Amino acid sequence: MTKDEHVTAAASAPEAVVAARNLVKIFRDFWHRPKVHAVADISFDIRRGEVFGLLGPNGSGKSTTIKMMLGLLHPSAGHLDVLGRSPRDVQTKARLGYLPEESYLYPYLTPAETLHFFGRLFGLSRSDREARIEQLLDMIGLLHARNRTVGEFSKGMARRVGLAQALINDPDLIVLDEPTSGLDPLGCRQVKNLIQTLARRGKTVVLSSHLLADVEDVCDRIAILYNGRIQAMGAMHDLLEQRNRYRLTLPEDVPPDTLRQMLAQARELLGQEPDVDHPRVDLEQFFLRIIEQARGQVHTPSGTAPTKDIAAYLATQGEVPSASAPETDAKASAEEKLKHLTEPKDPTAT
Amino acid sequence: MSPIWAIAVQAMRSAIRSKLVVLLLGCLFVSLIGLPLTIRGDGTLAGHVYILLRYSLGLATLILSLATLWASCAAVASDIRDRQIQMVVSKPVRPMQLWLGKWLGLVLLNGALLFVCFTASYAAVRWITHPERLTPVEQAQVEEDILVAQRRVAPRERDVSAAVQAEYQAGRARGEWPAEVATRDILPVLERRVRAQANAVHPGDANRWVFDVPRLPDSGQPLRLRYRANSSGLDLTPVRAVWRVGAPDRVDRQETSVEIVPRTWHTLTIPSDLLGPDRTLTIELASAPGTRATLLFDPSEDLRLMIEQGHFLTNYLRAALLILFHLAFLAAIGLTCGTLFSIPVATLVGMYVLLLLNVGRFIGQLAAWEVHVAQTPDAGWFMWAVAHVTRAIYWGLNLILQPVIAENPLAFVAAGEWLGWGTVGATLGVKVGVYVTVIMGLGAWHLSRKEVALPS
């Protein structure tokens, strides 16, 4: 996408929570000479309620872009609005939640003290803080470790505390830098579920990752950065969909004779051999199922013990926090899917 | 207030749990207990109390000063280095709140440690001055000279300008002054010489001083003249003399014969009814017959009329407050250094500032001196420029340092001298009200512009 296309697309987007225009970040040395062009003239919009992913290899400018959105770095050129204001405005920060790429927590504080500390920075009342902290500690599975100092924690446990502090103020915009880094598969799944739940509640989530599977699972739109520039940007399914190919999923236990007949017809109609194989669950789903079975048999003596996917105050009204993964859109009919697959796409959509 | 308090509490928790406070308490304990056991005093009770208040407590406050400076330098700089600051400044916290929170935490922690030191020291003083352990003479000394808070009044300054001028003219006539030395450099030297002469008591002669005595809280309390002198004999042989207290025309003038040991403090008790109607007190020191040594006084330092002004404990608490204000001032310097530089550089700069504060009086003298090299024709333009730039630096430093340079309050308390609430208020206003505010402004301004997530 060219620079002009970026600008046009960004300008036309409604209700932008984050609006970046021709953003540039140059790191300079002691003598103020340019050292690294970390971000080179990028423009994008992030809309309310969407999960936006920033993808790219190490050093591509993801974290720098995120840090500019948080006011931790200042753009060298260009313009950046977050929630309609400067990222450095305290009113913007009051509506933000941030999980950095590593959990930069005070090592001498316990998880509860850490959350109280950050809750106070948001001006939350004591009763609000106590209620939220209880739910958040339950959510991240650290209720049993609430009196240990964070310095004693493993990376994954500290990461969970970092995640909890990012949510203490029930933010409108949640910025997660490598959110699944250091987490076990259970933790990763929990974070992804959390992101999806927050998005359903109308929260905007920006996440940066180089773990493509994580991004694919949760993001509505992505931007792929390389060498400080956006190389591709758009809705996830638009970018990944192979629009000239189709996949037909049959119900379970189709008789082999029926399948043979179908293949013969397909061969005759298409004039070539179609691919047939057994569908596979992905490794994550398989792992989670095994752990779920094991959890019923073994008591977890240390580490994390998650009981809820999301704190009650973060859940949608009427939504019951549960430990299960969200259901996929399995109820949509085959006709609806076919209709969706065959309808022409809006070429201007990003 | 909530973010400031949250940051303050976090700073205190971290200091306590990182064992910094335990280490400090250990050092303070050693200085408070160990020093009086190792330093040999003059053997007197007053000397013992003086060591405890001046040196033990002084060492404890020095340790606290250095620890405060180091901890404050690290407070922000380590947060930047370890990146916790990214978590804090991405919250709705203004740079000034962050700075103030850290500062408040350090001040409260220092306040607590200072309280421990002063309480321990006070308990020790009370223990060694307990009436059951003292003779009646020592008990009287404790009540009159040691555990007291007395205001110090210096004698009225004499006008010596005419005598200085006369001396100058005479010297000029004798050709004593080199032509290249400016008159303004000669006159201060002459003034010191004339003042020394005017305050000397020569053999067979007498000298007189007048004190303007402020209104006393208790008019019946006797006054005390504390004095010391240098002798022309240049040794410690006592010099006999007679004090005459009261105006010369009074019939009830008090006469007291004394033996003055040079360079040693003595006390003369004066009934308050010898004050004149205009609240002046005239004292005269006459050389005793047969004495051959001249007694020399620096009236601003060596003659002190001490007036009971309040209780020792409240004086002691005022000294503690003054030290706390100083620590608060140092914490401000350290914090702002920590926002500007990395920990080692900030600590170095902070220590340099502490050094400047300790040599502030010397810098004042340097700033006041004339640049002689600039007036020497063969010095050259380079030396002229160096001299003027250097002097400008001293002048600027003196301008900044002078308002915050103060006498050590422990010296006052140890000497039983009164520290007024006015001093406490002025120190609070200048050191905390003005200087801390300006330093905070600089630190907060820099923090607001600083990119805290720059790659290291």
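I'm checking my understanding of the structure. Among residues of the range B:81-99 that are charged (D, E, K, R) and part of a helix (DSSP H, G or I), which one is farthest from the other protein chains (Cβ to nearest Cβ)?
Going through the range B:81-99, the residues charged (D, E, K, R) turn out to be B:81-83, B:91, B:94.
Subset that is part of a helix (DSSP H, G or I): B:81-82.
Working: B:Arg81: 11, B:Asp82: 7 Å.
The qualifying residue farthest from the other protein chains (Cβ to nearest Cβ) is B:Arg81.
Quickly run through the range A:251-284 and pick out the residues that are within 40 Å of the chain's Cα centre (by Cα) and of a type in the set (D, E, K, R).
Answer for the range A:251-284, where residues must be within 40 Å of the chain's Cα centre (by Cα) and of a type in the set (D, E, K, R): A:Glu252, A:Asp253, A:Glu273, A:Asp275, A:Asp277, A:Arg280, A:Asp282, A:Glu284.
Which condition number in (1) surrounded by fewer than 22 Cβ atoms within 10 Å (Cβ to Cβ); (2) within 11 Å of chain B (Cβ to nearest Cβ); (3) of a type in the set (Gly, Ala, Ser); (4) within 25 Å of B:Ser78 (Cβ to Cβ) is the one that A:Gly156 fails?
(2)
Every residue in the range A:134-153 that is touching a Leu at 6+ places or on another chain (Cβ under 7 Å), within 14 Å of chain B (Cβ to nearest Cβ) and either in a loop (DSSP other than H, G, I, E, B) or surrounded by 22 or more Cβ atoms within 10 Å (Cβ to Cβ) (or both), please.
A:Thr149, the sole residue that qualifies.
Residue-wise test of (1) in a helix (DSSP H, G or I); (2) within 26 Å of B:Arg152 (Cα to Cα).
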| position | (1), (2) |
| --- | --- |
| B:Val181 | no, no |
| B:Leu187 | yes, no |
| B:Gln197 | yes, yes |
| B:Gly204 | no, no |
| B:Val210 | no, yes |
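Specify the residue that is farthest from B:Thr267 (Cα to Cα); the eligible residues are those in the range B:280-298 that are in contact (Cβ under 8 Å) with a residue 60 or more places away in the chain and hydrophobic (A, V, I, L, M, F, W, C). Before the answer, list the steps.
So in the range B:280-298, the residues in contact (Cβ under 8 Å) with a residue 60 or more places away in the chain come out as B:280-287, B:289, B:291-298.
From what's left, hydrophobic (A, V, I, L, M, F, W, C): B:281, B:283, B:285-286, B:293, B:295-297.
Details: B:Leu281: 16, B:Ile283: 14, B:Leu285: 14, B:Ala286: 16, B:Ala293: 21, B:Leu295: 16, B:Leu296: 17, B:Phe297: 15 Å.
By that ranking, first place goes to B:Ala293.
Among the residues of the range B:238-260, write down those that are under 31 Å from the mean Cα position of the chain (by Cα) and either at pLDDT below 90 or within 20 Å of B:Gly416 (Cβ to Cβ) (or both).
Selection gives nothing.
As an exercise: evaluate A:Val205 against (1) crowded, with 18+ Cβ neighbours inside 10 Å; (2) hydrophobic (A, V, I, L, M, F, W, C); (3) out of contact with any Leu (no Cβ under 8 Å at 6 or more places or on another chain) and give the number of the one condition it does not meet.
With respect to (1) crowded, with 18+ Cβ neighbours inside 10 Å; (2) hydrophobic (A, V, I, L, M, F, W, C); (3) out of contact with any Leu (no Cβ under 8 Å at 6 or more places or on another chain), A:Val205 is out only on (3).
What residue, of B:Ser72, B:Ser65, B:Ser78, is within 11 Å of another protein chain (Cβ to nearest Cβ) and assigned to a helix (DSSP H, G or I)? Explain how you work it out, then say what you get.
Details: B:Ser72 fails: within 11 Å of another protein chain (Cβ to nearest Cβ); B:Ser65 fails: within 11 Å of another protein chain (Cβ to nearest Cβ).
Exactly one residue qualifies, and that residue is B:Ser78.
Out of (1) β-branched (Val, Ile, Thr); (2) part of a helix (DSSP H, G or I); (3) surrounded by fewer than 14 Cβ atoms within 10 Å (Cβ to Cβ), what's the single condition that is false for B:Thr237?
Here B:Thr237 clears every test but (2).
Yes/no matrix, rows are residues, columns are (1) of a type in the set (Gly, Ala, Ser); (2) in the same structural domain as B:Leu104 (by TED's automatic domain parsing):
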site: B:Trp265; (1), (2): no, no
site: B:Leu268; (1), (2): no, no
site: B:Gly276; (1), (2): yes, no
site: B:Arg279; (1), (2): no, no
site: B:Ser287; (1), (2): yes, no
site: B:Leu295; (1), (2): no, no
site: B:Pro299; (1), (2): no, no
site: B:Leu303; (1), (2): no, no
site: B:Leu330; (1), (2): no, yes
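Within the bounds of the range B:130-147, is there any residue that is within 30 Å of A:Leu73 (Cβ to Cβ) and among the small types (Gly, Ala, Ser)?
no
Has the range B:172-180 got any residue that is touching a residue at least 12 places away in the same chain (Cβ under 8 Å) and loosely packed, with under 12 Cβ neighbours inside 10 Å? Full working, then the answer.
Residues of the range B:172-180 that are touching a residue at least 12 places away in the same chain (Cβ under 8 Å), as a first pass: B:180.
Now narrow it down to the ones that are loosely packed, with under 12 Cβ neighbours inside 10 Å: B:180.
So far as the range B:172-180 goes, yes, one or more of its residues are touching a residue at least 12 places away in the same chain (Cβ under 8 Å) and loosely packed, with under 12 Cβ neighbours inside 10 Å.
Conditions tested, residue by residue: (1) modelled with pLDDT of 95 or more; (2) under 14 Å from the mean Cα position of the chain (by Cα); (3) of a type in the set (Ser, Thr, Tyr).
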site	(1), (2), (3)
A:Pro100	no, yes, no
A:Ser103	no, no, yes
A:Leu137	no, no, no
A:Ala145	no, no, no
A:Glu152	no, no, no
A:Gly187	no, yes, no
A:Ala199	no, yes, no
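Name the residues in the range B:80-102 that are within 23 Å of B:Leu23 (Cα to Cα) and modelled with pLDDT under 95, would you?
B:Asp82
Which condition from (1) over 30 Å from A:Gly151 (Cβ atoms); (2) out of contact with any helix residue (DSSP H, G or I) (no Cβ under 6 Å at 6 or more places or on another chain); (3) outside any loop (DSSP other than H, G, I, E, B) is the one that A:Lys25 breaks?
So A:Lys25 meets the others, but not (2).
Which one is nearest to A:Thr114 (Cα to Cα) among residues in the range B:34-45 that are in contact with a helix residue (DSSP H, G or I) (Cβ under 8 Å, 6 or more places away or on another chain) and either surrounded by fewer than 20 Cβ atoms within 10 Å (Cβ to Cβ) or of a type in the set (Val, Ile, Thr) (or both)?
Pass one, the range B:34-45, residues in contact with a helix residue (DSSP H, G or I) (Cβ under 8 Å, 6 or more places away or on another chain): B:35-36, B:39, B:41, B:45.
Right, trim to either surrounded by fewer than 20 Cβ atoms within 10 Å (Cβ to Cβ) or of a type in the set (Val, Ile, Thr) (or both) and you get B:35-36, B:39, B:41.
Values: B:Leu35: 41, B:Pro36: 43, B:Ile39: 47, B:Gly41: 51 Å.
The selected residue is B:Leu35.
Against the conditions (1) more than 24 Å from B:Arg94 (Cα to Cα); (2) in contact with a Ser or Thr (Cβ under 9 Å, 6 or more places away or on another chain); (3) surrounded by 24 or more Cβ atoms within 10 Å (Cβ to Cβ), where does A:Gly61 fall short? Just the number, please.
(2)
Just to be sure before I move on: is A:Gln165 in contact (Cβ under 8 Å) with a residue 12 or more places away in the chain, out of contact with any helix residue (DSSP H, G or I) (no Cβ under 6 Å at 6 or more places or on another chain) and surrounded by 14 or more Cβ atoms within 10 Å (Cβ to Cβ) in the structure I sent? Steps first, please.
Numbers: in contact (Cβ under 8 Å) with a residue 12 or more places away in the chain: yes; out of contact with any helix residue (DSSP H, G or I) (no Cβ under 6 Å at 6 or more places or on another chain): no; surrounded by 14 or more Cβ atoms within 10 Å (Cβ to Cβ): yes.
Judged against the criteria, A:Gln165 is not a match.
Given (1) of a type in the set (Val, Ile, Thr); (2) more than 30 Å from A:Ala20 (Cβ to Cβ); (3) touching a residue at least 24 places away in the same chain (Cβ under 8 Å), identify the lone condition not met by A:Thr258.
(3)
For the range B:257-276, which positions are buried (at least 16 other Cβ atoms within 10 Å of the Cβ) and among the β-branched types (Val, Ile, Thr)?
Once the filter is applied, which keeps residues that are buried (at least 16 other Cβ atoms within 10 Å of the Cβ) and among the β-branched types (Val, Ile, Thr), the range B:257-276 yields B:Val258, B:Ile260, B:Ile270.
Only one of these conditions is not met by B:Phe325: (1) of a type in the set (Phe, Trp, Tyr); (2) surrounded by fewer than 18 Cβ atoms within 10 Å (Cβ to Cβ); (3) assigned by TED's automatic domain parsing to the domain that holds B:Leu113. Which number is it?
(2)
So B:Leu106 ticks every box in (1) within 13 Å of chain A (Cβ to nearest Cβ); (2) closer than 30 Å to A:Lys67 by Cα but one. Which box is left unticked?
Looking at each condition in turn, B:Leu106 falls short on (1).
Please enumerate the residues belonging to the range A:249-281 that are part of a loop (DSSP other than H, G, I, E, B) and surrounded by 10 or more Cβ atoms within 10 Å (Cβ to Cβ). Spell out the reasoning first.
Step one: filter the range A:249-281 for residues part of a loop (DSSP other than H, G, I, E, B), giving A:249-255, A:271-281.
A:Leu250, A:Val254, A:Pro274, A:Val276, A:Val281, listed by residue number.
Under the condition of being of a type in the set (Gly, Ala, Ser) and part of a helix (DSSP H, G or I), which residue from the range A:68-123 is farthest from the other protein chains (Cβ to nearest Cβ)?
First, the residues of the range A:68-123 that are of a type in the set (Gly, Ala, Ser): A:71, A:76-78, A:84, A:86, A:94, A:97, A:103, A:112, A:119, A:123.
Filter once more, so that each one left must be part of a helix (DSSP H, G or I): A:112, A:119.
On the way: A:Ala112: 12, A:Gly119: 8 Å.
Once the filter is applied, the top-ranked residue is A:Ala112.
The values are calculated or read from the model by the stated rules, or taken from the named source; none is laboratory data. On a predicted model such as this, the values are computed, not experimentally measured, just so you know. Cβ coordinates were reconstructed from backbone atoms using ideal geometry, including for glycine residues, and neighbour counts include every protein chain displayed.
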